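The values are calculated or read from the model by the stated rules, or taken from the named source; none is laboratory data. Fair warning: this is a prediction, and the values are worked out from it, not measured in the lab. Here the Cβ positions follow ideal geometry from the backbone for every residue, glycine too, while neighbour counts run over all protein chains shown.
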Amino acid sequence: DQQVKQNSPSLSVQEGRISILNCDYTNSMFDYFLWYKKYPAEGPTFLISISSIKDKNEDGRFTVFLNKSAKHLSLHIVPSQPGDSAVYFCAASVLGTYKYIFGTGTRLKVLA
Amino acid sequence: SQTIHQWPATLVQPVGSPLSLECTVEGTSNPNLYWYRQAAGRGLQLLFYSVGIGQISSEVPQNLSASRPQDRQFILSSKKLLLSDSGFYLCAWETGSNIQYFGAGTRLSVL
């Protein structure tokens, strides 16, 4: 049972345009969400997070939106740069449980 | 600053051989520690996590085990590797910030 789903395995975007990566979850108990970026043969690096008490969090070019009623979150990257090309994972957690459930990832390719 | 070390970076092992992957964290105390596996074309699967020395929680029944002999050391082991154990193994730590920080990973190929 995949509690966190990233239904788009890949996405291609032109440099300078907006990249939108989507993530859906099924467990309504999740109250903390994170996005990670991963390059090949490296560990994931933390990008941005959001608590369920918010519906938006912004950090530079990265914005995460949370729609609790739809159990959906998205990561917006504006403007997209070639260095953003990587696999992006969303993750969800119930605060205090120490467990993080990751999605299957979306490979983003930013075309120069 | 905190750092996490994982070794080896790459490992090729025959089926039926034992396994020991080590992860150590520096610059923090009493971290929560995690082992994940990323199989080819798959997401990150949580294998084990530990909130303290000797405390191990297993998430998926499998051929692997984990141990935490010291506060900042986390070991992933197997007595006999299977072909299906191949994958990219990642160690991570977290200390109350709700953000996990990952090591560089170990690419395990079981042949």
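Would you check which residues across the range A:14-66 are touching a strand residue (DSSP E or B) at 6+ places or on another chain (Cβ under 8 Å), under 30 Å from residue B:87 (Cα atoms) and among the acidic types (Asp, Glu) and list them?
Correct list: A:24, A:31.
Taking the range A:23-47, which residues are buried (at least 18 other Cβ atoms within 10 Å of the Cβ) and among the aliphatic types (A, V, I, L, M)?
Selection gives A:34, A:47.
Go through the range B:92-111 and report how many residues are at the interface with chain A (Cβ under 8 Å from one of its Cβ atoms) and assigned to a strand (DSSP E or B).
Quick first cut of the range B:92-111, residues at the interface with chain A (Cβ under 8 Å from one of its Cβ atoms) only: B:92, B:94, B:98-105, B:107.
Filter once more, so that each one left must be assigned to a strand (DSSP E or B): B:92, B:94, B:101-102, B:107.
Qualifying residue count for the region: 5.
If I go through the range B:78-90 residue by residue, how many of them are surrounded by 14 or more Cβ atoms within 10 Å (Cβ to Cβ) and at negative phi?
The total comes to 7.
Here is a list: B:64, B:76, B:81. Which entry is more than 21 Å from residue A:99 (Cβ to Cβ) and more than 10 Å from chain A (Cβ to nearest Cβ)?
The unique qualifying residue is B:81.
Looking at (1) more than 14 Å from chain B (Cβ to nearest Cβ); (2) among the hydrophobic types (A, V, I, L, M, F, W, C); (3) under 13 Å from the mean Cα position of the chain (by Cα), find the lone condition where residue A:87 falls short.
Unmet condition: (1).
Any residue at all in the range A:12-23 that's at pLDDT below 95, of a type outside the set (Asp, Glu) and within 24 Å of residue B:40 (Cα to Cα)?
Looking for residues that are at pLDDT below 95, of a type outside the set (Asp, Glu) and within 24 Å of residue B:40 (Cα to Cα), one finds none in the range A:12-23, hence no.
Counting only residues that are touching a Leu at 6+ places or on another chain (Cβ under 8 Å) and of a type in the set (Val, Ile, Thr), which one in the range B:55-76 is modelled with the highest pLDDT?
B:75
Could you say whether any residue in the range A:55-74 is surrounded by fewer than 21 Cβ atoms within 10 Å (Cβ to Cβ) and within 14 Å of chain B (Cβ to nearest Cβ)?
Checking the range A:55-74: at least one residue is surrounded by fewer than 21 Cβ atoms within 10 Å (Cβ to Cβ) and within 14 Å of chain B (Cβ to nearest Cβ).
So which strands (runs of 3 or more DSSP E) are wholly in the range A:4-112 and hold at least 1 residues that are out of contact with any Ser or Thr (no Cβ under 7 Å at 6 or more places or on another chain)?
Ranges flagged: A:10-14, A:19-25, A:32-38, A:45-51, A:56-59, A:62-67, A:72-77, A:86-93, A:100-102.
May I ask you to list pairs of residues, at least six apart or on different chains, whose Cβ atoms are under 7 Å apart, with the first in the range B:65-80 being of a type in the set (Asp, Glu) and the second being outside any strand (DSSP E or B)?
Within 7 Å, the pairs are B:71/B:29; B:71/B:30; B:71/B:53.
When the range B:66-90 is examined, which residues are found to be over 22 Å from residue B:110 (Cα atoms) and in a strand (DSSP E or B)?
Hits for the range B:66-90 are B:68, B:69, B:70, B:73.
Of everything in the range A:1-13, what is closer than 24 Å to residue B:105 by Cβ, in contact with a strand residue (DSSP E or B) (Cβ under 7 Å, 6 or more places away or on another chain) and not small (Gly, Ala, Ser)? Give them in sequence order.
A:3, A:4, A:5, A:6, A:9, A:11
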